[in-house]
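FYI, it's all coordinate maths here, none of it is from the lab. These numbers come from a predicted model, not from an experiment. Please note: Cβ atoms are built from the backbone with ideal geometry, for glycine as well, and neighbour counts cover all protein chains shown.
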Amino acid sequence: MTASPFRQRLGRRLGPVPYYQVIHAEPERLHLLSYPQANRSAAIPLLVSGGVLMIIAAVTLIAGVLAAVQELGFATAGLSAAVGGLFGGLAIQRLVGGYAIATTTNEIILDAETFTIRQTSRVGRPREQRIDRASIQGLRLRPYRIVTGGFIRRLQPVLALEMIVGDEVWIIDSAVVPAALQPLVNAMALALSVSVERVNEFPPR
């Protein structure tokens, strides 16, 4: 089996508030940019867990040093160093991952020939997905259910803007309040010169 060349790899997002702001929109031209700190809420859990693991690693290493100073045995000190190193490695992974998410910026660029999603971050190389404009068949609005909240989670309906590309459905953006999504819907419809279909059914699970 081979993946579809139209399979969305970047930019997919379902959230309660719009992710993209319209920078420029006209027929056959479009530039969307993610809001500043739009990924902050997704990065916080990784940063917090990374900080907690780093504290655990530091405490474990200090306990090992104290054990060695008090001559409680090199085995105890070595075990503390190994456990502290393990927690420290996990902490660094989460901190770097959280920082990468927090500093990620996504943008969508449409011209007369190409639709491009570009993703940049302060960690790692920029990523880009590009398809021919001619492969875009239309736009539609469709309700989805997403999980929101912190400790108390609940399902919340949002309205998502979808783009039909070949046999694939690409999610562009979403919002709980339909009016908040309307500027983006208008910009996409103008740039692609298409009407927007409205689907009332939730997608199958």
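Once the chain from Glu28 to Thr105 is taken as fully extended at 0.36 nm per residue, the excess over their C-alpha distance is 25.4 nm. Straightening the chain between Thr114 and Tyr35 buys 26.2 nm, computed as 0.36 nm per residue apart minus the Cα-Cα spacing.
Roughly what angle does helix 74-102 make with the longest principal axis of the chain, taking Cα atoms, 0 to 90 degrees, to the nearest 10? So the inclination is approximately 20 degrees. Annotation for Asp167 and Gln93: the two label points, set 7 Å from Cα along the Cα-Cβ direction, are 3.6 nm apart. Which FRET efficiency value, to the nearest 0.05, do you get for Ile44 and Gln182 by plugging their Cβ-Cβ distance into 1/(1 + (r/R0)^6) with R0 = 22 Å? About 0.15, to the nearest 0.05.
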